[in-house]
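Right, one structure below, let's go through it.
The values are calculated or read from the model by the stated rules, or taken from the named source; none is laboratory data. The shown structure was predicted, so the numbers you read here are calculated from the model rather than taken from an experiment. Cβ placement follows ideal geometry from the backbone for every residue including glycine, while neighbour counts extend to all protein chains displayed. Side chains included, ligands, DNA and RNA excluded: accessible areas come from the protein's heavy atoms. Shrake-Rupley method; radii C 1.70, N 1.55, O 1.52, S 1.80 Å.
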Amino acid sequence: MDFTFTAEQELLRDTVTEFLAARYPLEPSRAAARTGAGWQPEIWRGLAEEVGILGASLPESAGGIGGGPVETMIIAEALGAALVLEPYVDTVVVGGGLLRRAGGKRAEDLLSGIAAGEVVTGFAALEPRSGYDYAAVGTGAVRDGDDWLITGEKTVVTAAPLATHLLVTAVADGEIALFVVDADTAGLTMRAYRTIDERQAADLTFDAVRVPADALLLAHAGEAVAATVDEAIAAVCAEAVGAMRKVVDDTVAYAKQRRQFGVAIGSFQALQHRMVDMLLELEQAVAATYLVTLKLDAPAAERSRAASAAKATIGRAARRIGQESVQLHGAMGMTEELAIGHFFKRLTAVQYEFGTTDQHIARYAALTRP
């Protein structure tokens, strides 16, 4: 199988990387995460207008360029290497994936808004009792004349405090349905907080939130949600690969510079072995990410099996690489001044996004049984 990128894909990778190198230094981005809006809207606009990546994987009918999973992987890896906080996966991958599958005028308008950098979405699917089971939906939607009333709770809705629109799963007429709710709708309560890796999230309460008829995007949304979550897993895996590449490179560079007993610590064989183990974990993570990316158009069981295999592999690699990098940097590894500490937090959070390592091992085993 040929894993060589096309000239266009290499140009995409180089363009995103150069933009982030010039416009996204680590210290200002972390400062922005802790103050004010908690992100950099000007960077989001730049990703839309200057680089055009917010529409790279969206349909041409919505102002995108019609790219596919490989383009998403390339972009996500570059964002991970720069530790970008802005909600690319939440909006472009999850929001774009759900809206693309929903179709219709409302969905097309929102997709166009995403491509233009004007729409940010949060996916309100998980609930206090659901764990990571996206099919365990307790939130309900009932008709009230031409409108719908949505009642229930959603938890850990990443990017919700930044979102202009929320994509909400609710049971309507006995089926899991997908609704779009404006973030400032009456009856919606948002309890915002920052996650361990300094991203924005919120728990939501819907108290008979009234939405119009066209807020129902998809009446039978179960398979659309499952497919989109697998796409999000692939994107998060690619993001983690970008972060792990940076961590491995920084750790090797530090080991060459840090001197102890008059020599660079990178000359110690025991530390060399540990860094080689980090590199092996990274290469396995890369292979698993390529596999799930190329399986996103496969039948559901095959796609989900590849997604769980990748997520489990990434979870193990993120833990090993993150912990080893901190230890090899010594006490400096957990300081705010050093990039490694911030990457360690992100690699820790990745292990729990869209399901834990143990949960994906269990799902892979279930999907593999005859």
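Data table
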read-out	value
Estimated [θ] at 222 nm from DSSP helical runs (n ≥ 4, -39500 (n - 2.57)) normalised by residues in the chain, nearest 500	-16500 deg cm²/dmol
Partners for Lys105 among aspartates and glutamates (Cα-Cα distance below 20 Å; same-chain residues under 8 apart left out)	Glu60, Glu118, Asp146, Asp147, Asp182, Asp214
Protection proxy ranking, peptides 11-18, 227-234, 40-47, average beta carbon neighbours within 10 Å, highest first	227-234, 40-47, 11-18
Sequence ranges 116-128, 80-92, 26-38, ranked by mean other-Cβ count within 10 angstrom, highest first	80-92, 116-128, 26-38
Debye, to nearest 20: dipole size of region 19-86, +1 on Lys, Arg Cβ, -1 on Asp, Glu Cβ	260
Highest-MSF residue in the chain out of Phe344, Phe206, Phe179 [GNM, Cα springs under 10 Å]	Phe206
Top positive-direction residue, dipole computed over region 1-141 with Cβ charges, set Ala135, Ala102, Ile65	Ala135
Qualifying lysines (Cα of each under 20 Å from Cα of Lys345; at least 8 residues distant if same chain)	Lys246, Lys311
Top positive-direction residue, dipole computed over the chain with Cβ charges, set Val248, Phe268, Leu218	Phe268
Heavy-atom accessible surface of region 98-256: percent carbon and sulfur, 1.4 Å	51
For region 117-210, Kirkwood radius (reciprocal of mean inverse C-alpha pair distance, Å)	13.3
Part-to-part distance (alpha-carbon centres) for region 1-72 and region 311-370, which is given in Å	23
Semi-axis lengths (Å, descending) of the ellipsoid that matches the C-alpha gyration tensor of region 309-366	27, 10, 6
Principal-axis tilt of helix 222-257 within the chain, Cα atoms, nearest 10 degrees	20
Within straight-line cross-link reach of Lys295, aspartates and glutamates at Cα separation under 13 Å, skipping those fewer than 8 residues along the same chain	Asp230, Glu231
Ellipsoid semi-axes in whole angstrom, largest first, where each is sqrt(5λ) of the Cα gyration tensor of region 157-244	26, 19, 9
Residues Asp146 and Gln323, FRET efficiency given R0 of 51 Å [Cβ-Cβ distance, rounded to 0.05]	0.40
Gain upon complete extension [Glu60, Leu280; 0.36 nm per residue less C-alpha separation]	75.3 nm
Top positive-direction residue, dipole computed over region 277-336 with Cβ charges, set Ser325, Ala285, Ser304	Ser304
GNM result for the chain, Cα springs below 10 Å: residue of Gly67, Gly315, Gly96 fluctuating most strongly	Gly67
Per-pair calculated FRET efficiency, R0 = 25 Å: Ala264 and Glu10 via Cβ, rounded to 0.05	0.15
GluC sites (Glu not before Pro) within region 317-356, DSSP loop, no more than 15 other Cβ atoms inside 10 Å	Glu336, Glu337
Gain on full stretching of the segment that runs from Ala31 to Ala362 - 0.36 nm per residue minus C-alpha separation	115.3 nm
Accessible area per residue in Å² at 1.4 Å probe, computed on the chain	44
Segment Ala219-Arg191, length gained on full extension (0.36 nm per residue, minus Cα span)	7.3 nm
Rounded FRET efficiency, nearest 0.05, which uses the C-beta distance separating Leu294 from Gln257 and R0 of 35 Å	0.35
Square roots of 5 times each gyration tensor eigenvalue, C-alpha, region 216-370, largest first, Å	36, 15, 11
